[in-house]
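Beneath this line is the structure, given in structure tokens, with notes to follow.
The values are calculated or read from the model by the stated rules, or taken from the named source; none is laboratory data. Bear in mind that the values here come from a model prediction, so they are computed numbers and not experimental data. In this analysis, Cβ positions are derived from the backbone assuming ideal geometry, glycine residues included, and neighbour counts consider all displayed protein chains. These area figures cover heavy atoms from the full protein model, side chains too; ligands, DNA and RNA do not enter into them. Shrake-Rupley method; radii C 1.70, N 1.55, O 1.52, S 1.80 Å.
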Amino acid sequence: MSGHGEGNSLRVVIAALIGNLLIAVSKFVAAFFSGSVATLAEAVHSVADTANQVLLVVGLKRAEKPATYLHPFGHAVESYFWPFMVSILIFLLGGAFALYEGIHGLIGLLRGEHDGEHGSRLWSYGVLGLSFLFEAYSWSVAFAEFNKSRNGRSFKDTLMSAKDPTIPVVLAEDTAALLGLAIALVAVGLSDVTGWSGWDAIGSTVIGVLLGVVAFFLASRTHSLLIGESASKEDREKVESIAPTVPGVRKVHQILSMHLGPKQVILALKVGFEPGLDLAGVEKAINALELRIREDLPHMRYIFVEPDAHYSAPHDPEAPRPTAKDM
């Protein structure tokens, strides 16, 4: 990633990391003094979120490493790998633990075992309430940065087409955290009012399911980026519109592209040139085309152009194929 966008992503991640670390400590204290299973589940959830933010920072920093002989296209893909790992850890560290504690608590109650509650639930109310405020602030920072990238698109379209997963991952984590805190508060409140701690265990179970759903969504989205997504439709259309304005270039016949990272794209083109151009003319036209594309789309880091006057799209069975005589 580069420049301004990277700074914004890092700022959002650092803000979330500090907040989640402080919240996790306070939740563990509250869980110890209140004996609330839902509060304990939320504490582990915050630990998972803190670990996730550490991994996101690792990804942002490793993505900056320069290209090497072994990795000639650089390390931008690190910014996709680590968010993918984060999506898995959300479930493993947060969701699985919450599910285990909730189901284990319910089974114990059904067997008539003592639930082990002790202390005052005021600890849970206080810490969960303050945590909600802290998480709301972290969410607002992430949402503000996410909103800047919308460019008039709907929330869903922006989320599903984002090439930088860092801010959407933090936003999804914070959204899950706010919902989890609300569930925990309701569960603690119902347990307090009714005197039945089963509500607490149910709350923990629901939090586990919530984290599992969020983890599945993030894993699917980041996996798609990790295995390689094409440049946006807008970028591809921009390339097609630039090409005919370059002297010597007639038309782009095929565009193949892949995001290595949010701001690094490989672009491969099959291009038809004006008839009669000699080798020097084709080279000049290619250089001019690459320069124009990079001027308007600087994230097109690696551009490869193949002259092909007779190209036919492979997906079109009716398109004529070039013969040996044509070549």
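Looking at segment 204-247 only, could you name the residues that are among the aliphatic types (A, V, I, L, M), in a helix (DSSP H, G or I) and open to solvent by 60 Å² or more (accessible area, probe 1.4 Å)? Explain how you work it out, then say what you get.
Restricting attention to segment 204-247, the residues satisfying the condition of being among the aliphatic types (A, V, I, L, M) are 206-207, 209-211, 213-215, 218-219, 225-227, 231, 239, 242-243, 246.
Remaining after also requiring in a helix (DSSP H, G or I): 206-207, 209-211, 213-215, 218-219, 225-226, 239, 242-243.
If the condition is that a residue be among the aliphatic types (A, V, I, L, M), in a helix (DSSP H, G or I) and open to solvent by 60 Å² or more (accessible area, probe 1.4 Å), then V206, V209, V213 are the ones that fit.
Each row is one residue, and each column tells you yes or no for (1) touching a residue at least 40 places away in the same chain (Cβ under 8 Å); (2) more than 13 Å from L40 (Cβ to Cβ); (3) under 21 Å from the mean Cα position of the chain (by Cα).
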{"position": "I103", "(1), (2), (3)": "yes, yes, no"}
{"position": "D164", "(1), (2), (3)": "yes, yes, yes"}
{"position": "L171", "(1), (2), (3)": "no, yes, yes"}
{"position": "G195", "(1), (2), (3)": "no, yes, no"}
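Can you find a residue in segment 107-120 that is buried (at least 20 other Cβ atoms within 10 Å of the Cβ) and modelled with pLDDT under 85? Write out each step before concluding.
Step one: list which residues in segment 107-120 are buried (at least 20 other Cβ atoms within 10 Å of the Cβ), which gives none.
No; the residues of segment 107-120 include none that is buried (at least 20 other Cβ atoms within 10 Å of the Cβ) and modelled with pLDDT under 85.
Restricting segment 121-151 to residues that are open to solvent by less than 50 Å² (accessible area, probe 1.4 Å), over 30 Å from E234 (Cα atoms) and not charged (D, E, K, R), which is modelled with the highest pLDDT?
Here the answer is A136.
Grab the helices (runs of 4 or more DSSP H) fully contained in segment 1-101, keeping just those with 3 or more residues being over 20 Å from the mean Cα position of the chain (by Cα).
3-34, 37-62
Please work out which one of (1) in contact (Cβ under 8 Å) with a residue 40 or more places away in the chain; (2) in a helix (DSSP H, G or I) is the condition N147 fails and give its number.
Single failed check for N147: (1).
Restricted to segment 150-176, and to residues that are among the charged types (D, E, K, R) and part of a helix (DSSP H, G or I), which residue is nearest to H259 (Cα to Cα)?
D157
Of A76, A43, A31, A38, which residue is surrounded by 20 or more Cβ atoms within 10 Å (Cβ to Cβ), farther than 17 Å from W139 by Cβ and touching a strand residue (DSSP E or B) at 6+ places or on another chain (Cβ under 6 Å)?
On the way: A43 fails: touching a strand residue (DSSP E or B) at 6+ places or on another chain (Cβ under 6 Å); A31 fails: touching a strand residue (DSSP E or B) at 6+ places or on another chain (Cβ under 6 Å); A38 fails: touching a strand residue (DSSP E or B) at 6+ places or on another chain (Cβ under 6 Å).
None of the others qualify; the one that does is A76.
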